């Protein structure tokens, strides 16, 4: 069985949870952008795009969720949904998971010498059919 992702514009909800930027410090307590998934159903797909990662920089991207968006308390979505990266990475990663709350976001924890990693995170979910 194949999954076809046709017409993403009209059939999916979602958006950037981390706008394309060079991360030089942790985004570790609250996401900078939350995405409202109230009109979505099914599994969420997180796409993390990494550009240049400076030597000795490593990190972890963690999907989080909240019932009230940017003003709420954020909790990690499940286990095994994190994405780890290091200096060899300049690629994209995909993770799929089930959310239980309305808003989703992403936290980034970077460590190492000179912290610098180009990162963007996008989350998508199929629109409700009715």
Query raised in the report: What is the order of 7, 36, fewest Cβ neighbours within 10 Å to most?
Result: 7, 36
**Report entry** Relative contact order of the chain, pairs being alpha-carbon contacts under 8 Å that are 6 or more residues apart, as %
**Finding:** 44
Report summary line: Quick shape check on segment 1-80: root eigenvalues a ≥ b ≥ c of the Cα gyration tensor, a/c under 1.5 is rounded, otherwise prolate if a/b tops b/c, else oblate, and it reads oblate
Query raised in the report: How big is the gap, in Å, between the Cα center of segment 8-81 and the Cα center of segment 89-110?
Result: 4
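So if we plug the beta-carbon distance of residue 49 and residue 129 into 1/(1 + (r/R0)^6) with R0 = 25 Å, what FRET efficiency do we get, rounded to 0.05? Mind showing how you got there, number by number?
Numbers: r = 29 Å, r/R0 = 1.15.
Efficiency at R0 = 25 Å is approximately 0.30.
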**Report entry** Highest average packing first - 73-80, 103-110, 52-59, Cβ atoms within 10 Å
**Finding:** 103-110, 52-59, 73-80
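A short reminder: the numbers here are calculations on the coordinates, not readings from a lab. Because the structure is predicted, anything quoted here is derived from the model rather than measured. Glycine gets a Cβ as well: all are built from the backbone with ideal geometry, and neighbour counts include every protein chain shown.
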